[in-house]
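For reference, the structure discussed in these notes is given below.
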Amino acid sequence: MRSVRHPARHRAAPIVAALLAATAGIATAPTTHASSHREAPFITTSPKVDGTDFYMFRSYEAGRDGYVTMIANYQPLQAAYGGPNYFKMDPDALYEIHLDNNGDAKEDLTFQFRFQNKLANNGNGTTLSIGGKDVAIALTQSGQITAPGAATSNVTESYTVTLVRGDRRSGTRQAVTNASGGSATFLKPVDNIGVKTIPDYAGYAAQHIYTVNLPGCNMPAKLFVGQRKDPFAVNLGTIFDLVNAPLAVITNPALIGAVPNTIDDANVTTMAVEVHKSCLNAGGDPVIGGWTTASLRQARVLDPTPRSGHQTTDFNGGAWVQVSRLGMPLVNEVVIGLKDKDRFNGSKPAGDGQFADYVTNPTFPKLLEIALNIPGTSPTNFPRTDLVTTFLTGIPGVNKPANVVASEMLRLNTDIEPVPFAQQNRLGIVGAILAGQPDRAGYPNGRRPKDDVVDISLVAVMGGLCVANGTNNALGFGAACNPAAVPLGTTAFNLHDAVDQAVAPLLGTFPYLATPIPGSQ
């Protein structure tokens, strides 16, 4: 349990005692789990540990094609005007990016992020002399901010990154350090408050991109943590309102970008790492699997009289409990049943056999039948080996490890060359196959920010991958994936949500995600 320092020990003592008692009780009780991406009950109460998206791809920035970029986004639907506290990360949480490089569904490499938010002036905050008295200001800034660690920042946000080899809790732990100076502590940029406070946010944020040394890797890596514009594009309200759109619209290719992106005005917080592929592989297998998690302590006790000068009003203790998990996009949203959403996001890939029915016998195709009033259009190739291959094992010859334990994670073949942004097919591998293009570097072989995973997933659940597999077994799904078992046929290829992911603003260089929307223009 983390130590607790408080000058008013007469008040802290009973709180700490209560925390210890609560922790002891929890240790003997069944562990409770929670979820990620606002798609399950618990996570709606804890947005700071809510994972939104995970990207993993061969870097397509010029001169960086030997690297792999991993991007984990948290804290969804950030309103740019969300002051005065904005969207600082939780110092009592553990954020992680996990990699499996031998196909056994267990992490071999884990990047652990921990945060600290320090109030200026030794915890007293920035003050102004008012009538002869020094009084703390109410804002997170006292003036213009143009550089890391500016004196005008009322709160300094910093973080550390630990690389764990082996089990995430018992493996070998070593700090990631700044290649310039060797520090193990990094600064996070202030959120994009607005143009008066931060006139050149792009330039300011770029000062927080670090070249870092990874223990056990002889190639320097890159690191960035900070607010970004949410790169995801989706017709969110329409999709979850039982797909409130006519079939003629969502199967018309001319209407792929017919409506605005629902979350085009939202920001997220990004943790991005770029690592040379040689430092991620093991035993010659080029395929790696990745997923993100966030964890909180088992016990939490609220302080009835919050402490002055501190950024939290609670005490936390006990073991870490995973409350968020994200690998392939949209799995928990539309695949896992409501009763198991919290369980899924508290689980590990090695235990995914308990959720197999949701993949082999998915409910979403039948829900689409009901919602769109198109009976008899669900694929009938049960068990759905096409979805098992796509989501649980990887596609043979593309991103399936030499030896694999079926489990849900984002898998990337690091030997497949990246494709320049302009040449990337928005529908990933399937779109490239249909268009006769050589692009095999897109979803579900990893995930690039440009990949339209909503449309790809709609195509997949309605059997479009089986049709693409065809009689020549182009995707290696086998004879069980019979195109004749897909009533929609080639119409499945045209399914979309009427929002075009490919037009979302992005950068061509690390960290790839666009500058966040400012609180004022």
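Structure notes:
- Comparison of D357, D340 shows that the only residue that is assigned to a helix (DSSP H, G or I) and touching a Phe, Trp or Tyr at 6+ places or on another chain (Cβ under 8 Å) is D340.
- Search result, residues across region 96-137 that are open to solvent by 90 Å² or more (accessible area, probe 1.4 Å) and either more than 22 Å from L296 (Cβ to Cβ) or part of a loop (DSSP other than H, G, I, E, B) (or both): K106, N122, N124, L128, I130, K133, D134
- All of T211, T238 fail the test of being out of contact with any Gly (no Cβ under 8 Å at 6 or more places or on another chain) and modelled with pLDDT of 95 or more, apart from T211.
- Taking region 169-187 as the range and being in a loop (DSSP other than H, G, I, E, B) and open to solvent by 10 Å² or more (accessible area, probe 1.4 Å) as the test, the residues that pass are R169, S170, G171, A179, S180, G181, G182, S183, A184, T185.
Let's see how each residue does on (1) touching a helix residue (DSSP H, G or I) at 6+ places or on another chain (Cβ under 6 Å); (2) crowded, with 17+ Cβ neighbours inside 10 Å:
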{"site": "V323", "(1), (2)": "yes, yes"}
{"site": "L326", "(1), (2)": "no, yes"}
{"site": "K339", "(1), (2)": "no, no"}
{"site": "A350", "(1), (2)": "no, no"}
{"site": "Q354", "(1), (2)": "no, no"}
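- Residue within region 448-465 that is open to solvent by less than 10 Å² (accessible area, probe 1.4 Å), of a type in the set (K, R) and not in a loop (DSSP other than H, G, I, E, B) present: no
- Looking only at residues of region 281-315 that are within 25 Å of A136 (Cβ to Cβ) and assigned to a strand (DSSP E or B), we find that the one that is modelled with the lowest pLDDT is D314.
- Single unsatisfied condition, P253 versus (1) touching a His at 6+ places or on another chain (Cβ under 8 Å); (2) within 30 Å of V176 (Cβ to Cβ); (3) open to solvent by 50 Å² or more (accessible area, probe 1.4 Å): (2)
- Checked against the criterion of being crowded, with 19+ Cβ neighbours inside 10 Å, in contact with a Ser or Thr (Cβ under 9 Å, 6 or more places away or on another chain) and over 21 Å from L99 (Cα atoms), the candidates V301, V234 yield just one match: V234.
- Residue count for region 305-320, restricted to those that are within 19 Å of A93 (Cα to Cα) and open to solvent by 20 Å² or more (accessible area, probe 1.4 Å): 6
- Residues in region 356-380 that are among the polar types (S, T, N, Q) and surrounded by fewer than 19 Cβ atoms within 10 Å (Cβ to Cβ): T360, N361, T363, N373, T380.
- Residues in region 151-162 that are free of Cβ contacts under 8 Å to residues at least 60 places away in the same chain and either polar (S, T, N, Q) or buried (at least 18 other Cβ atoms within 10 Å of the Cβ) (or both): T152, S153, N154, T156, S158, T160, T162.
- Residues of region 47-66 that are open to solvent by less than 40 Å² (accessible area, probe 1.4 Å) and not polar (S, T, N, Q): V49, D50, G51, D53, F54, Y55, M56, F57, R58, Y60, E61, G66.
- All conditions but one from (1) open to solvent by 60 Å² or more (accessible area, probe 1.4 Å); (2) not in a loop (DSSP other than H, G, I, E, B) apply to V268; the one that does not is (1).
- Residues satisfying the stated conditions in region 51-77, i.e. in contact with a His (Cβ under 7 Å, 6 or more places away or on another chain) and within 22 Å of I429 (Cα to Cα): G66, Y67
- Residues of region 409-435 that are open to solvent by 50 Å² or more (accessible area, probe 1.4 Å) and part of a loop (DSSP other than H, G, I, E, B): D415, E417, P420.
Quick grid of which residues meet (1) of a type in the set (S, T, Y); (2) outside any strand (DSSP E or B); (3) buried (at least 24 other Cβ atoms within 10 Å of the Cβ):
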residue	(1), (2), (3)
V195	no, yes, no
A205	no, yes, no
T211	yes, no, no
G216	no, yes, no
M219	no, yes, no
L223	no, no, yes
T238	yes, yes, no
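- Some residue of region 393-408 being buried (at least 21 other Cβ atoms within 10 Å of the Cβ), outside any loop (DSSP other than H, G, I, E, B), under 26 Å from the mean Cα position of the chain (by Cα) and not small (G, A, S): no
- Residues that are touching a residue at least 40 places away in the same chain (Cβ under 8 Å) and not hydrophobic (A, V, I, L, M, F, W, C) were ranked within region 352-370; the one that is nearest to V459 (Cα to Cα) is P365.
- Close pairs from region 272-296: first farther than 30 Å from P91 by Cβ, partner of a type in the set (F, W, Y) and in a strand (DSSP E or B), Cβ under 6 Å, at least 6 apart: H276/Y67
- Selection from region 468-519 of residues that are hydroxyl-bearing (S, T, Y) and either in contact with a strand residue (DSSP E or B) (Cβ under 8 Å, 6 or more places away or on another chain) or surrounded by 22 or more Cβ atoms within 10 Å (Cβ to Cβ) (or both): Y512, T515
The values are calculated or read from the model by the stated rules, or taken from the named source; none is laboratory data. As the structure is a computational prediction, the values presented were derived from the model and not from experiment. All Cβ positions, even for glycine, are placed from backbone atoms using ideal geometry, and neighbour counts span all protein chains on display. All accessible areas refer to the heavy atoms of the entire protein, side chains included, with ligands and DNA or RNA removed. Shrake-Rupley method; radii C 1.70, N 1.55, O 1.52, S 1.80 Å.
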